[in-house]
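K.L.:
Sending over a structure as structure tokens; questions will come in a sec.
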Ligand SMILES: Cc1cc2nc3c(=O)[nH]c(=O)nc-3n(C[C@H](O)[C@H](O)[C@H](O)COP(=O)(O)OP(=O)(O)OC[C@H]3O[C@@H](n4cnc5c(N)ncnc54)[C@H](O)[C@@H]3O)c2cc1C
């Protein structure tokens, strides 16, 4: 007997979660299955809608993504789902994330400093990042820790100054109060700050957060803001920031870093909790969906591979949210580029040398590989007809846009996830 639901979402990244939340909101019985733990804990935690216009190479960041959406080509996922799905999808996520995220008060992009000292245009950002915005002219000091890799405060401060941000920026390196192994994961620092154990520093017993503030205090000077690597707790980030703010008498912010990412972990926790609260059923890490049965263009069942045993899952409607090559939703080899579960059509040049540009930052075809969708978000065959009547796609498995270049990854995942989830629920 197959495990049943109205809507089955395949993929546990931001597109899959947005689809499942939207389908639940529309009243469907929803199940989300995902092969691996999600990719969210690698992500920066920033939710970009559109940072750069795809047709305006070399131009600066987009000020208002909603103004720019109207100029996108018809094949772009935003053009297919329409501006209202982008807004409604973001509103759904705003509800799920509550006070942990900011940016919803304006359509304009915020400018967030990153660990490399670049400034990233983004639509929503963790509350922990808010005091660090590059548009703020308050003096700041960036802090890194002796053994922590992945964030060099001096380099970031130099780059931010060179980028011309309006704030004076300096940097300091301090010893973290507990000696952490050279190759420790960022989560080790975050858990120590969550747990706040007692340490002995120069013969004096101090809690870790207090000892860290003591080490930083001499470097603060007149700065009104102190920026930390994004390791300020997984479970109690607001409490940790508040304590450091009191002790240092300065606003505290985190600078997003590369993977694995503590803000990404928090985002994952919040979104999965929101889906659970909404009554969605979640099965992550149980194995991949590897096959399906279909009759006359309608999928009847899919099969999850649990340690070699195929487990059938049946639904009225399916959402494919398996990501691109990084997520496992698109595959490529010498023969070509494929969508591995349903074999949906993925347009690509037959000559593999045309997949990429010789310049590293050139116009690479492979960045846009993915399924082509119709206005109902159904993947279509080469003929333009839907591959299946009850399959929709959401997120990075959809092709036709270059999200790393235009900085639109989460926005497209949220908007197409929202639209696919709503439509699937309506037809279930
Ligand atoms: C390092 C990194 C940094 C990022 N930084 C940003 C950023 O700064 N701003 C921003 O907006 N976005 C960022 N993103 C992108 C964002 O988090 C999403 O990855 C992107 O929007 C695509 O989401 P998705 O849900 O479509 O796919 P993915 O996130 O790739 O999720 C696909 C899911 O499908 C599952 N899956 C794949 N195949 C199967 C199968 N056969 N059966 C079952 N499950 C399957 C995978 O396990 C995965 O959980 C970043 C991502 C990464 C990895």
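K.L.:
Grab the beta carbon distance between residue 1 and residue 277, set R0 = 25 Å, and tell me the FRET efficiency rounded to 0.05.
P.N.:
Computed FRET efficiency for residue 1 and residue 277 comes out at 0.30.
K.L.:
Expected output is a single nm value to one decimal: the length gained when fully extending between residue 246 and residue 173, i.e. 0.36 nm times separation in residues minus the C-alpha distance. What is it?
P.N.:
So the extension gain works out to 24.2 nm.
K.L.:
Sorted from fewest to most neighbouring beta carbons within 10 Å, what does the list 306, 422, 247 look like?
P.N.:
Working: 306 12, 422 23, 247 16.
Ascending number of Cβ neighbours within 10 Å: 306, 247, 422.
K.L.:
Can you give me the distance in nm between label points at residue 405 and residue 239, each placed 7 Å from the Cα along the Cα-to-Cβ direction?
P.N.:
4.7
K.L.:
Hey, in the GNM for the chain with a 10 angstrom Cα cutoff, which one of 89, 327, 291 fluctuates hardest?
P.N.:
291
K.L.:
Moving on to the next point. I need the shape label for region 201-252. Rule: rounded when a/c is under 1.5, else prolate if a/b > b/c, else oblate, with a, b, c from the alpha carbon gyration tensor.
P.N.:
Taking the square roots of the gyration eigenvalues as a ≥ b ≥ c, region 201-252 is oblate.
K.L.:
Expressed as a whole number of Å, what is the distance separating the alpha-carbon centroids of region 91-142 and region 162-223?
P.N.:
22
K.L.:
I need 187, 38, 350 ordered by Cβ neighbour count within 10 Å, fewest first.
P.N.:
In order of increasing Cβ crowding within 10 Å: 350, 187, 38.
K.L.:
What translational diffusion coefficient, to the nearest whole µm²/s, does the chain have by Stokes-Einstein, given a Kirkwood radius computed over alpha-carbon pairs, a temperature of 25 °C and 0.890 mPa s viscosity? Intermediate values should be presented prior to the final figure.
P.N.:
Working: Rh = 22.7 Å.
Estimated diffusion coefficient is 108 µm²/s.
K.L.:
If you average 1/r over every pair of different alpha-carbon atoms in region 26-125 and take one over that average, what Kirkwood value in Å do you get?
P.N.:
It is 15.5 Å.
K.L.:
State whether region 115-255 is rounded, prolate or oblate according to the following rule on the C-alpha gyration tensor (a ≥ b ≥ c being the square roots of its eigenvalues): a/c under 1.5 gives rounded; otherwise a/b larger than b/c gives prolate, and the remaining case gives oblate.
P.N.:
prolate
K.L.:
Right, something else. Expressed in nm to one decimal, what extension gain is obtained for the pair residue 188 and residue 146 from 0.36 nm per residue of sequence separation less their Cα-Cα distance?
P.N.:
So the extension gain works out to 13.7 nm.
Here, each number is a calculation from the coordinates, and none is a lab measurement. Treat the numbers as computed from the prediction; the structure is a model and nothing was measured. Glycine also receives a Cβ, built like all others from the backbone with ideal geometry; neighbour counts cover every protein chain displayed.
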